[in-house]
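Here's the structure we're looking at; comments come further down.
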Amino acid sequence: MFKFKAFKKLRFPNVFILLLIVFFSCALLICINFFTIKTLSANRAYINGESHYSKGQKDASRHLITYLYTQDPNQWKLYLEELKVPQGDGTARMTLLKVGDNEVARKALLVGRNHPEDLDDLVWLFVNFKKVSFLAKAIHEWEQGDKLIFKLFIIGQQIDAKIKHKILTVTDQQNFLHEISVISDKLTINERNFSNTLGEGTRKIKDLLVFTNVLFTLIIVCSVCLYYSIMVKRLIVSKKEIEVKNENLVLVNHELDRFVYSASHDLRSPITSLKGLIEITQSEENVCQIREYLKLMYTSLARQDQFISDIIDYSKNKRKQIIMEPVSLRELFDEAIAQLMHFENANQIAITKELLVDEIESDSLRLKIIISNLLSNAIKYADNSKQEMIISIKTYIVDGLNKIEISDNGIGIKDEFKEHIFEMYFGTNKNKGSGLGLYIVKEAVENIRGNIYMSSENNIGSKFIVTIPSANGI
Ligand code: ADP
């Protein structure tokens with residue numbers, strides 16, 4: 001029979017969440033790497049700019065000192081030329097602080113001998129990170145340096161004025177030289193601090209970059225592994241489900257083959273016997289004998305009718321969906337009894353009903369099939385040798401479950417047949433039935449996830465008890 005290896009629906013985490021995690025981690029990783037590289041590149045540009053700043057300041061100091069002692073106008077020009085480098089950077093710093101990114105700041109950075117391709121990164125870092133600790137510190141050092149550059153400029157003006165008015169004395173020369181070297185020393189410290197601060201920031205950014213790269217790579221790898229294992233598990237489960245479905249299909253096919261074979265045989269046999277009866281009736285003169293033949297013809301047709309109705313039940317039971325609805329057991333029994341009254345001996349049987357349960361929630365089609373088949377068997381297999389033929393119908397509740405009980409004092413079932421009575425086409429008397437009745441009953445009971453229990457004693461009687469689960473048990 002069919003395997004009901006119910007695979008419990010395994011609860012897998014939603015794989016879309018994992019895919020989203022991978023997607024966002026990748027996007028975040030790309031963004032973090034992009035901005036980190038941009039920041040590092042800007043840092044490099046600032047350190048590069050600082051070296052131009054420092055070189056410009058040192059060359060300017062050198063030319064100023066030479067001018068101080070040689071009074072060569074060419075040295076004065078060179079001094080002014082070199083001083084423009086730190087002055088340009090200073091202008092850029094002040095403009096960026098006051099108004100942000102503009103042409104003036106960019107031109108001033110070019111004067112500071114920064115590379116044109118570095119301008120975007122320099123401006124971007126300044127505008128967006130000027131308040132971040134490492135850059136704020138560097139800007140502060142830069143500001144201190146600019147103040148010293150301004151002082152150097154003033155000293156230059158004083159030297160030039162004294163030289164032009166020819167009032168420069170040896171003492172002045174010594175004083176100016178001292179002042180220039182003090183400024184130079186201070187600037188060297190500022191410039192070193194500036195580079196160190198940026199270097200420190202760069203190292204921190206690098207550490208952060210390594211950490212985030214490792215973290216996100218781990219997240220991506222774990223998510224992909226989890227995704228892979230979930231998909232493999234799903235594949236295994238669906239493979240098993242397909243295997244069970246295949247096994248069921250083979251069984252169904254086998255059953256169908258048997259069904260077609262037996263159905264064609266059983267459908268033909270009443271026709272064959274009818275044909276034979278008609279033939280002998282044609283040559284029969286005796287009216288009593290003809291009546292006898294007609295009776296046999298009727299029985300043959302009734303058998304075929306019963307068989308066709310069994311096939312219809314079988315097909316309905318297989319195809320139709322379970323529909324849970326309120327059903328009256330009393331009505332179902334009354335209907336079934338009314339339809340079975342034309343059976344031989346039916347009106348001689350005492351049918352008693354004790355219905356403690358009437359309205360229930362179940363599938364009316366399956367209940368109809370179950371009730372009418374059990375009742376028709378009780379009538380068909382009644383024992384007319386007994387003084388009183390009895391069928392007793394009961395409905396009741398045990399442990400919260402509805403039960404239907406149909407018992408009779410009919411011919412009973414021999415022990416050797418008991419284990420076969422629910423098999424397809426098993427019947428002990430082919431004149432009485434197709435052998436499909438109890439097979440269909442068993443399938444209908446399985447459909448509503450109920451149970452059927454049979455007890456019988458040969459020559460004493462039989463009892464069938466059907467347990468109907470509650471509606472929410474289906
Ligand atoms: P059938 O069409 O032959 O009645 P069923 O599947 O309904 O086929 O029943 C299978 C066999 O079980 C019957 O042939 C009969 O021998 C036995 N049987 C079923 N119900 C009863 C009953 N109430 N009393 C005695 N025998 C029964």
Task: Of all accessible heavy-atom area on region 204-330, the percent that carbon and sulfur account for (1.4 Å) - done: 66 percent
Task: Amide N of region 438-452 lying under 16 Å from the label point, which is placed 7 angstrom from the Cα of Lys320 along Cα→Cβ - done: 440-449
Open item on the list: List the lysines whose Cα sits under 21 Å from the Cα of Lys206, skipping any in the same chain fewer than 8 residues away.
Closed with: Lys38, Lys130, Lys131, Lys137
- [ ] Take the eigenvalues of the Cα gyration tensor for region 265-389, scale each by 5, and report the square roots as semi-axes in whole Å, largest first.
- [x] 35, 21, 9
Open item on the list: Using the crude model of +1 on Lys and Arg Cβ and -1 on Asp and Glu Cβ, and no other charge, please compute the dipole size for region 323-473 relative to its Cα centre, in debye to 20.
Closed with: 320 debye
TODO: Kindly state, to the nearest 0.05, the FRET efficiency for Leu296 paired with Val244, given R0 = 45 Å and r defined as their beta-carbon distance.
DONE: 0.40
- [ ] Any chance you could get the radius of gyration and Dmax over the Cα atoms of region 355-437, in Å?
- [x] 14.5, 40
Task: In range of the label at Ser262: residues from region 430-471 whose backbone nitrogen is under 11 Å from the point 7 Å along Cα→Cβ - done: 434-440
TODO: Give me Rg over Rh for region 152-282, both radii from the alpha carbons and Rh done the Kirkwood way, two decimal places.
DONE: 1.97
TODO: Report ³J(HN,Hα) in whole Hz for each residue of region 411-424, in order, from the Karplus equation J = 6.51 cos²θ - 1.76 cosθ + 1.60 where θ = phi - 60°; Gly and Pro get x.
DONE: 6, x, 10, 5, 4, 5, 8, 4, 6, 10, 4, 8, 7, 5
Task: Along each principal axis, Cα extent of region 96-194, largest first, Å - done: 50, 26, 23
Task: Percentage of interatomic Cα-Cα distances in region 323-473 larger than 25 Å - done: 24 percent
TODO: Compute the distance in nm between two label points, each set 7 Å from the Cα along the Cα-to-Cβ direction, one at Asn14 and one at Ser51.
DONE: 5.5 nm
Task: Amide H partners (placed H, <5 Å) of Ile351, local residues excluded - done: Ile391
- [ ] Give the Rg/Rh ratio for the chain, taking Rg as the radius of gyration of the Cα atoms and Rh as the Kirkwood radius, to two decimals.
- [x] 1.61
Task: Kyte-Doolittle mean at least -1.0 and Cα axial length at least 24 Å: DSSP H helices in the chain - done: 15-70, 73-99, 133-164, 170-282, 287-319
Open item on the list: Between Leu28 and Lys98, what's the calculated FRET efficiency when r is the beta-carbon distance and R0 is 35 Å? Round to 0.05.
Closed with: 0.50
- [ ] For Ile154 and Glu457, calculate 0.36 nm times their separation in residues minus their Cα-Cα distance, and state this gained length in nm to one decimal.
- [x] 96.2 nm
TODO: Please name which of Ile337, Ile413, Val327 has its Cα lying farthest along the dipole of the chain towards the positive end, using unit charges on Cβ (Lys, Arg +1; Asp, Glu -1) and the Cα centre as origin.
DONE: Val327
Open item on the list: Translational diffusion coefficient of region 394-474 at 25 °C, 0.890 mPa s, Stokes-Einstein with Kirkwood Rh over Cα pairs, in µm²/s as a whole number.
Closed with: 180 µm²/s
TODO: Please get the size of the charge dipole for the chain, origin at its Cα centre, with Cβ charges of +1 on Lys and Arg and -1 on Asp and Glu, quoted in debye to the nearest 20.
DONE: 2180 debye
Task: Potential lengthening between Ser309 and Arg203 on full extension [0.36 nm per residue; Cα-Cα distance subtracted] - done: 29.3 nm
Task: Where only C-alpha atoms are counted, convex hull volume of region 3-231 per residue in Å³ - done: 127 Å³
Task: FRET efficiency, Glu284 to Glu405 (Cβ-Cβ, R0 56 Å, nearest 0.05) - done: 0.70
Open item on the list: Per residue, how large is the accessible surface of region 62-169? Use a 1.4 angstrom probe and give square angstrom.
Closed with: 54 Å²
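The values are calculated or read from the model by the stated rules, or taken from the named source; none is laboratory data. Since we're looking at a predicted model, the values are computed, not measured. Here the Cβ is made from the backbone with ideal geometry for all residues, glycine too, and neighbour counts use every protein chain on show. What goes into the accessible areas is simple: the full protein's heavy atoms, side chains included, and nothing from ligands, DNA or RNA. Shrake-Rupley method; radii C 1.70, N 1.55, O 1.52, S 1.80 Å.
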